[in-house]
Amino acid sequence: MTGTQPRDAAASAWPVPLPRDVVAGEGPGFTLRARTAVTGDRTVIGILTNLVSARTNGEVSLDSTATGPGISLAVMDAETPESYRLAASADGIEVTGSDAAGLFYGIQTLAQVIEQIDDGWRIPAVEIADAPRFAYRGVMLDVARHFFPVEVVLGVIDRAAQLKLNHLHLHLSDDQGWRIEIPSRPELTMLASGSAIGGDDGGFYTAEDYAQIVAYAAARHMTVVPEIDLPGHTHAVGLAYPDLVEPPVLSEHIREVVEAYGSTLPVAGEPYEGIAVGFSSLRIGTPATEAFVTDVVADLAAMTPGPYLHVGGDEALGTDPGGYAAFVSLASRIVADAGKVPVMWHEAGAASDLHPGTIGQYWGFVSPIDGMDEKARGFVARGGRLILSPADAVYLDMKDAVDSELGLTWANGVTSVERAYTWEPGSMLEGVAESAILGIEAPLWTETVRTPDDIDTLMFPRIAAAAEAAWSPATGEHPLRTWESFRERVGGHARLWDALGIHFRRSPEIPWH
Ligand code: TNX
């Protein structure tokens, strides 16, 4: 039932990510009254009330004591996780989730399709049946290059959940700082969290802060995936434990990057405030390093209810290759022994002793070069699945226009909104079947990102393109899964995003309406 024409998509705000099945109904749809009747679970009513009130400038509120036609919200156990049905007609609106997450996504869709008419607000007549393509739909925030307080992280959770993303990956350590309290290793936050890029303020999350983030995410059906980046990206570890790290490797490459960005060279034992990567390494093969990784992983695992724990593995250019393979294998085993599923960046896929089932995160290009895809296939060969984060499509920290003040360009130049949209996960990596893809994640690295507004400016609207790749049917499987339709649909979201306080960039590629 996919009979809708793209023209209809332009006529009103249509959902992003695109639902599996959408059929426009007959008639005028459902007019929202100042106090619209609602039935359902209190928490869900609360979330929907806030969304509706924001979208309608406070003109519509939902009232569970009102009578007459209204909105019914329910969970009806069904097989497909996270799925929902939404039916709107002049008689009322029904949103039915297959589970609590499905209902949550149903109300996000409902808020997206509210439209303003002459004398008020309405939901157009429509029938939607929707379910996600991939189980893992993520966004990553790098809080190491620049630190962001808890409230900002909660804002990112709200923004991502609204687009049906269900994992928040927090990049909690890097050369510039260690951002999470580890009770068994208090020196990390005491000695290695105080700085950030460019001399900006550092900071860290206490165990309590982290618990607050995890709980807030869970209430929005989002799982937190913590990352401690090892064995490279560990300059800050050396501020707390000088004996655990090697001296910085000041290679030709590092000198070039430092030159190109007017950045600084790292100095052992001093906080690093530059943006170069690939110069630091843990000391490999010593009992002290193994004890350190075991302690950090054990504490983080105990603090984290979700199944995944990410231990990095990227850009370890300061680590000897043989030592690297041994280290990532050890780290993946330590994570598995702590009861979590290890996740690592794709470089680790070349290590033959990686713990079976380790998840690989691919950050190569849409058209792989230099054996990036081969490394990614290594995870699949060992029974693991892949999270796809092709840097030249979903890296939210790439500039989206040549004149953008924020962002980097190393991933094949500017990542326009069109380029962020126009790639197909299912056919990107040869020899990787759909069933081997756990999902999609859009990372925001924060070298150039300093404020909440900076986050929004780089994230939107491209995060919506990543959400569509993660949630919606494959390219070619739905008439509206096209760039032309996407730009029309996403253009209709400006008012909702404004109402939610999202400081998005009105990219000239999108017909905002
Ligand atoms: C590469 S992609 C990195 C990060 C940088 C990012 C900037 C990856 C796993 N590592 O260390 O922050 O580029 O775009």
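The values are calculated or read from the model by the stated rules, or taken from the named source; none is laboratory data. This structure is a prediction, so every number in the text was calculated from the model and none was measured. All Cβ positions, glycine included, derive from the backbone under ideal geometry; neighbour counts span all protein chains shown.
Among residues of region 358-378 that are acidic (D, E), those with a Cβ under 7 angstrom from a residue that is within 14 Å of the ligand (Cβ to nearest atom), sequence gap 6+ or separate chain, pair up as D373/G364. Selection of region 464-484 for residues being in contact with a helix residue (DSSP H, G or I) (Cβ under 7 Å, 6 or more places away or on another chain), assigned to a helix (DSSP H, G or I) and either buried (at least 21 other Cβ atoms within 10 Å of the Cβ) or free of Cβ contacts under 8 Å to residues at least 60 places away in the same chain (or both) yields A464, A465, A466, E468, A469. Are any of the residues in region 443-451 in a strand (DSSP E or B), under 18 Å from L396 (Cα atoms) and in contact with a helix residue (DSSP H, G or I) (Cβ under 7 Å, 6 or more places away or on another chain)? Yes: region 443-451 contains one or more residues that are in a strand (DSSP E or B), under 18 Å from L396 (Cα atoms) and in contact with a helix residue (DSSP H, G or I) (Cβ under 7 Å, 6 or more places away or on another chain). Filter region 155-191 down to the residues that are of a type in the set (V, I, T) and touching a residue at least 40 places away in the same chain (Cβ under 8 Å) and list them by number. Once the filter is applied, which keeps residues that are of a type in the set (V, I, T) and touching a residue at least 40 places away in the same chain (Cβ under 8 Å), region 155-191 yields V156, I157, I180, I182. Per the conditions (1) without any contact (Cβ under 8 Å) to a residue 12 or more places away in the chain; (2) under 26 Å from R185 (Cα atoms), the sole criterion not satisfied by T289 is (1).
Among the residues of region 291-322, what is the count of those that are at pLDDT below 95 and either small (G, A, S) or touching a strand residue (DSSP E or B) at 6+ places or on another chain (Cβ under 9 Å) (or both)?
Looking only at region 291-322, we keep the residues that are at pLDDT below 95, and these are 315-322.
Next, from what is left, pick out any that are either small (G, A, S) or touching a strand residue (DSSP E or B) at 6+ places or on another chain (Cβ under 9 Å) (or both): 315-316, 318-319, 322.
Selection size over region 291-322: 5.
Run down A144, A196, A192 and say which single residue is within 15 Å of the ligand (Cβ to nearest atom), modelled with pLDDT of 95 or more, buried (at least 20 other Cβ atoms within 10 Å of the Cβ) and under 21 Å from V311 (Cβ atoms). Matching residue, one of A144, A196, A192: A144. Pairing residues of region 379-404 that are at positive phi with residues that are away from the ligand (no atom under 13 Å from the Cβ) and assigned to a loop (DSSP other than H, G, I, E, B), at Cβ distances under 6 Å and at least 6 apart in sequence or on separate chains, gives G383/P356; G383/G357.
Number of residues in region 452-461 that are assigned to a helix (DSSP H, G or I) and in contact with a Lys or Arg (Cβ under 9 Å, 6 or more places away or on another chain): the value is 5. No other residue among V224, V150 is within 30 Å of L48 (Cα to Cα) and touching a strand residue (DSSP E or B) at 6+ places or on another chain (Cβ under 6 Å) apart from V224. Restricting attention to region 199-216 and to residues that are surrounded by fewer than 14 Cβ atoms within 10 Å (Cβ to Cβ) and of a type in the set (D, E, K, R), the residue that is nearest to V277 (Cα to Cα) turns out to be D201. Here the condition is being part of a loop (DSSP other than H, G, I, E, B) and in contact with a strand residue (DSSP E or B) (Cβ under 8 Å, 6 or more places away or on another chain); of V402, V414, it holds for V414 alone.
Filtering region 331-383 to residues that are part of a loop (DSSP other than H, G, I, E, B) and within 15 Å of the ligand (Cβ to nearest atom) leaves W363, G364, F365, V366, P368, I369, D370. When you check I440 against the structure, is it part of a helix (DSSP H, G or I) and either out of contact with any helix residue (DSSP H, G or I) (no Cβ under 9 Å at 6 or more places or on another chain) or within 16 Å of the ligand (Cβ to nearest atom) (or both), yes or no? In short, no.
Being out of contact with any Phe, Trp or Tyr (no Cβ under 9 Å at 6 or more places or on another chain), within 16 Å of the ligand (Cβ to nearest atom) and not charged (D, E, K, R) narrows it down to one residue among T415, T448; which is it?
Values: T415 fails: out of contact with any Phe, Trp or Tyr (no Cβ under 9 Å at 6 or more places or on another chain).
Criteria check complete, one pass: T448.
Mind checking whether some residue in region 254-263 is surrounded by 21 or more Cβ atoms within 10 Å (Cβ to Cβ), over 30 Å from A215 (Cβ atoms) and modelled with pLDDT under 95? Looking through region 254-263, at least one residue is surrounded by 21 or more Cβ atoms within 10 Å (Cβ to Cβ), over 30 Å from A215 (Cβ atoms) and modelled with pLDDT under 95. Just to verify a result, which residue in region 384-410, among those that are among the small types (G, A, S) and surrounded by 21 or more Cβ atoms within 10 Å (Cβ to Cβ), is nearest to the ligand (Cβ to nearest atom)? Among them, the one singled out is A391.
Please specify each residue of region 134-158 satisfying the condition of being basic (K, R) and over 16 Å from the mean Cα position of the chain (by Cα). Quick ask: steps written out before the conclusion?
Narrowing region 134-158 to residues basic (K, R): 137, 145.
Listed by number, the list holds a single entry, R145.
Apart from one condition, S280 fits all of (1) within 16 Å of the ligand (Cβ to nearest atom); (2) outside any helix (DSSP H, G or I); (3) over 30 Å from the mean Cα position of the chain (by Cα); the exception is (3).
Looking at the structure I just gave you, is G238 in a helix (DSSP H, G or I), more than 16 Å from the ligand (Cβ to nearest atom) and touching a residue at least 12 places away in the same chain (Cβ under 8 Å)?
Yes, satisfied.
If you check S352 against the conditions, is it in contact (Cβ under 8 Å) with a residue 24 or more places away in the chain, among the polar types (S, T, N, Q) and in contact with a Phe, Trp or Tyr (Cβ under 9 Å, 6 or more places away or on another chain)?
On the way: in contact (Cβ under 8 Å) with a residue 24 or more places away in the chain: yes; among the polar types (S, T, N, Q): yes; in contact with a Phe, Trp or Tyr (Cβ under 9 Å, 6 or more places away or on another chain): no.
Judged against the criteria, S352 is not a match.
Within region 192-215, residues that are within 15 Å of G177 (Cβ to Cβ) reach partners that are polar (S, T, N, Q) with beta carbons closer than 6 Å, at six or more positions or on different chains, in the pairs A196/Q176; I197/Q176; G202/S193; G202/S195; F204/T189; F204/S193.
In region 419-428, the count of residues that are surrounded by 20 or more Cβ atoms within 10 Å (Cβ to Cβ), away from the ligand (no atom under 13 Å from the Cβ), of a type in the set (A, V, I, L, M, F, W, C) and part of a helix (DSSP H, G or I) is one or more.
Each row is one residue, and each column tells you yes or no for (1) touching a Ser or Thr at 6+ places or on another chain (Cβ under 9 Å); (2) more than 21 Å from Y308 (Cα to Cα).
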| residue | (1), (2) |
| --- | --- |
| G426 | yes, yes |
| E430 | no, yes |
| A433 | no, yes |
| A436 | no, no |
| I440 | yes, no |
| P443 | yes, no |
| P452 | no, yes |
| D456 | no, yes |
| R462 | yes, yes |
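Which one is nearest to the chain's Cα centre (by Cα), of the residues in region 309-329 that are more than 13 Å from the ligand (Cβ to nearest atom) and surrounded by fewer than 22 Cβ atoms within 10 Å (Cβ to Cβ)? Only one residue fits best here, namely S329.
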